Amino acid sequence: MATTKYKRILLKLSGEALAGEQGYGIDPAVINGIAAEIKEVVDLGVEVALVIGGGNIFRGVAASSKGMDRASADYMGMLATVMNSLAMQDALEKQGVDTRVQSAIDMQQIAEPYIRRRAVRHLEKGRVVIFSAGTGNPYFTTDTAASLRAMEIHADVILKATKVDGIYSADPNKDKDAIKLPTLTYLEVLQKGLQVMDATATSLCMDNNLPMIIFDMTCRDNIKKVVLGERIGTIVRGGNSND
Ligand code: UDP
């Protein structure tokens, strides 16, 4: 079996990643493709936890800008992440991967409550744990939920899957001189206001020295490559780290 660089990972997928070309909802082909890639990583013996956003269904900020109460809108956003998590659970289980969905908001008919020790136990048994309903609190994002859960389960790294292959010095679509930055410190991300992870999520990682890798999920096998230690995307870490 190939030697993996990381033993326990937290993979953060945006809701939009599940929508594919249609831009809304869940595209079955896309979610099945992602599930197949996750299975390959699980088969390498890596413990995988997932946090999935809800932006393909509902985003609290967008609704509140149109007049809805922000907290109510955010709770709807959290419910959207539960839908995505159940869809991913189904896709993974169809491929023979054992999973558990835990929810930060109690809904015991469809998901386990979030219990840290139980989540760790599932991971040790080789189950993929999907953390749904974000942090359970309005005014947060699933990026922050990903950082928080990664810390709690002692993940080795957060892998943030995006549609671009890392962080650039400028917008590569607008500036032809933009270059990809292979490494950045947390402080650089915060000071430059880079929108890779929100500031709360980035500060949490900084305070706890948890590396984040931002990479392109639209390329087949990229999750596996990152887990095997290939240098793709951009790694964000502390100034003195050798990750
Ligand atoms: N959300 C929240 N608290 C959390 C996580 C999420 O209120 O801890 C809400 C928020 O309204 C957000 C929505 O859930 O807009 C969907 O999450 P997010 O925008 O992070 O999803 P993504 O952009 O990753 O698809």
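A short reminder: the numbers here are calculations on the coordinates, not readings from a lab. These numbers come from a predicted model, not from an experiment. All Cβ positions, even for glycine, are placed from backbone atoms using ideal geometry, and neighbour counts span all protein chains on display.
General observations
- DSSP-loop trypsin sites (Lys or Arg not before Pro) across the stretch 52-115, with at most 15 other Cβ within 10 angstrom: LYS66
- Choice from VAL82, VAL51, VAL120 with maximal GNM fluctuation in the chain (Cα, 10 Å cutoff): VAL120
- Estimated 222 nm signal from helices in the chain, with DSSP H stretches of n ≥ 4 weighted -39500 (n - 2.57), rounded to 500: -11500 deg cm²/dmol
- Long-range HN-HN contacts of GLY54 with modeled amide H, under 5 Å: GLY15
- Cα shape, the stretch 160-235, gyration tensor, a/c 1.5 rule: oblate
- Counting only DSSP beta bridges with both residues in the stretch 156-243, the antiparallel share comes to about 40 percent.
- Taking trypsin sites (Lys or Arg not before Pro) across the stretch 119-168, the ones in a DSSP loop with at most 14 further Cβ atoms lying within 10 angstrom of their Cβ are LYS125, LYS163.
- Among 128-134, 110-116, 15-21, 176-182, sorting by the average number of other beta carbon atoms lying within 10 angstrom of each residue, highest first, gives 128-134, 15-21, 110-116, 176-182.
- Loop-resident sites, the stretch 31-103, for GluC sites (Glu not before Pro), counting at most 16 other Cβ within 10 Å (DSSP): none
- Set LYS5/LYS192; LYS7/LYS160; LYS66/LYS174; LYS12/LYS224 screened for pairs whose C-alpha atoms are more than 23 Å apart: LYS5/LYS192; LYS66/LYS174
- Relative contact order of the chain, taken over Cα pairs closer than 8 Å and 6 or more residues apart, is 21 percent.
- Antiparallel DSSP beta bridges within the chain, percent to nearest 5: 15
- Cα→Cβ-extended label distance, 7 Å offset, between SER72 and LYS174, nm: 3.6
- Cα-only Debye scattering, the chain: base-10 log of I(q)/I(0) at q = 0.07, 0.08 Å⁻¹: -0.21, -0.27
- Tail fraction, Cα-Cα pairs, the stretch 151-203, threshold 15 Å, whole percent: 55
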